[in-house]
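Data block below; observations after.
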Amino acid sequence: MHLRETVVQGRMSTELRRQLREDPRPLPWISGATPHHAQLAEAAGFRLFGISGSQASAHILGMPDAGLMTLTEVAENIRRVCQAVTIPVIADCETGFGNVVNTTRAVHEFIIAGAAGFFLEDQSFPKRCGFTKGVEVIPIPEAVAKYRAACAARDRLDPDVVVIARTDSRAAVGGSVDEVLRRCEAYLQAGVDMLMVMALQSREEMRRVVEAFPGTDIYINASSVRQPLTHTEYREMGVATYNVSISKVAQIMMQRFLSDYRERGADAFNDFMADTKARPQDTFAYLELTGFPAVLELEKRFLPPDQLSKYELSLGEYDPRT
């Protein structure tokens, strides 16, 4: 159980900047949608988690990533994720949820919720998943105004929070690498800390972008590049960081299992547990990860000793005392 105060949340932005400054490049991180996704990433040893807007829309609302989540819904999810872990969290600020006024409020809500960094995209509203056909981007001056507003709001609350300019201009209507370069230059001039470039189509395009901005932290989503890049290639190319979506991995695994379970019933689950060498108690590992030992510690600290006898007088496959 993590009950972090605002001052601790502030330290997460400082920790994110330290990682970007000092940790080996490229810095791999995990993206997902929920507090438990973040807990799984932290438990596996990752020191950075990102909230994907498309995955949050799917997991929280069961709806497409088409600008349907409200600022209130997104900010509440960020708050829950940030309180569930003790590692920095980068959040998806979408389009700022409107113009410069809306963006100013969104940045305020994100930082108060605990985000150590956030990326703000240059799509038109309503936006859509960056890998979906039909993406459109706003004019450069309008995007620059949003980034300037975002940086100003950040500076008032926590100057260490990392502001990332995301451009979807490669795959958008009329898009090109030249347009990506124009926009990245303008966004850096607006004061952002880092660039996020979506939907580049080849290794050659990736190299062109990275080489155009030496010394700049750049995240490139290479999902459109075939064959997939290796960790070594990311490093040699000079990309600052990249991520893998735990929720996309889970979706594929769950769909495969559900298909098998529909056909074979309990045998499918039994075989799955045997194949993964899982123990029966592993099915309750989420209870440990989400904080039952902390619940026990609070009970031991504040409840009369006789009320703890419930652990001796009951049955259960999971025991938070062990």
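A few notes on this one:
- For segment 213-228, a tally of residues being at pLDDT 95 or above, assigned to a loop (DSSP other than H, G, I, E, B) and hydrophobic (A, V, I, L, M, F, W, C) returns 1.
- Sole residue being out of contact with any strand residue (DSSP E or B) (no Cβ under 7 Å at 6 or more places or on another chain) and under 27 Å from Gly53 (Cα atoms), chosen from Glu233, Glu263: Glu233
- Subset tally (residues that are in contact with a helix residue (DSSP H, G or I) (Cβ under 6 Å, 6 or more places away or on another chain) and either modelled with pLDDT of 95 or more or open to solvent by 50 Å² or more (accessible area, probe 1.4 Å) (or both)) for segment 284-320: 3
- Hits in segment 75-87 - residues which are farther than 15 Å from Ala41 by Cβ and in contact with an Asp or Glu (Cβ under 7 Å, 6 or more places away or on another chain): Ala75
- Each residue in segment 54-73 was checked for being in contact with a Phe, Trp or Tyr (Cβ under 8 Å, 6 or more places away or on another chain) and either in a helix (DSSP H, G or I) or of a type in the set (A, V, I, L, M) (or both), and 1 pass.
- Residue in segment 117-135 that is basic (Lys, Arg) and part of a helix (DSSP H, G or I) present: no
- Matching residues, segment 15-42, being open to solvent by less than 60 Å² (accessible area, probe 1.4 Å), farther than 14 Å from Arg80 by Cα and part of a loop (DSSP other than H, G, I, E, B): Asp23, Pro26
- Residues of segment 76-93 satisfying the condition of being crowded, with 20+ Cβ neighbours inside 10 Å and without any contact (Cβ under 8 Å) to a residue 40 or more places away in the chain: Ile78
- Among the residues making up segment 98-133, those that are open to solvent by 40 Å² or more (accessible area, probe 1.4 Å), modelled with pLDDT of 95 or more and not β-branched (Val, Ile, Thr) are Asn99, Asn102, Arg105, His108, Glu109.
- Within segment 57-75, the residues that satisfy the criterion of being out of contact with any helix residue (DSSP H, G or I) (no Cβ under 6 Å at 6 or more places or on another chain) and open to solvent by less than 60 Å² (accessible area, probe 1.4 Å) are Ser57, Ala58, Leu61, Ala66, Gly67, Val74.
- Under the condition of being surrounded by 11 or more Cβ atoms within 10 Å (Cβ to Cβ) and not in a helix (DSSP H, G or I), the residues counted in segment 256-276 number 0.
- Selection from segment 90-106 of residues that are in a helix (DSSP H, G or I) and not aliphatic (A, V, I, L, M): Asn102, Thr103, Thr104, Arg105
- Odd one out for Arg148, checked against (1) under 21 Å from the mean Cα position of the chain (by Cα); (2) surrounded by 16 or more Cβ atoms within 10 Å (Cβ to Cβ); (3) assigned to a helix (DSSP H, G or I): (1)
- Condition check for Thr86 on (1) within 16 Å of Ser31 (Cβ to Cβ); (2) assigned to a loop (DSSP other than H, G, I, E, B); (3) of a type in the set (Ser, Thr, Tyr): one failure, at (1).
- Residue among Val192, Val210, Val163, Val197 that is in contact (Cβ under 8 Å) with a residue 12 or more places away in the chain, open to solvent by less than 50 Å² (accessible area, probe 1.4 Å), in a helix (DSSP H, G or I) and not charged (D, E, K, R): Val210
- Matching residues, segment 168-177, being over 23 Å from the mean Cα position of the chain (by Cα), open to solvent by less than 40 Å² (accessible area, probe 1.4 Å) and touching a residue at least 24 places away in the same chain (Cβ under 8 Å): Gly175, Val177
- The set of residues from segment 178-189 being open to solvent by less than 10 Å² (accessible area, probe 1.4 Å) and more than 24 Å from Phe110 (Cβ to Cβ) comprises just one member, Val180.
The values are calculated or read from the model by the stated rules, or taken from the named source; none is laboratory data. Because the structure is a prediction, the values reported are computed rather than measured. Don't worry about glycine lacking a Cβ; one is built from the backbone with ideal geometry, like all the others, and counts go over all protein chains shown. Please note that ligands, DNA and RNA were not included when accessible areas were found on the heavy atoms of the full protein model with its side chains. Shrake-Rupley method; radii C 1.70, N 1.55, O 1.52, S 1.80 Å.
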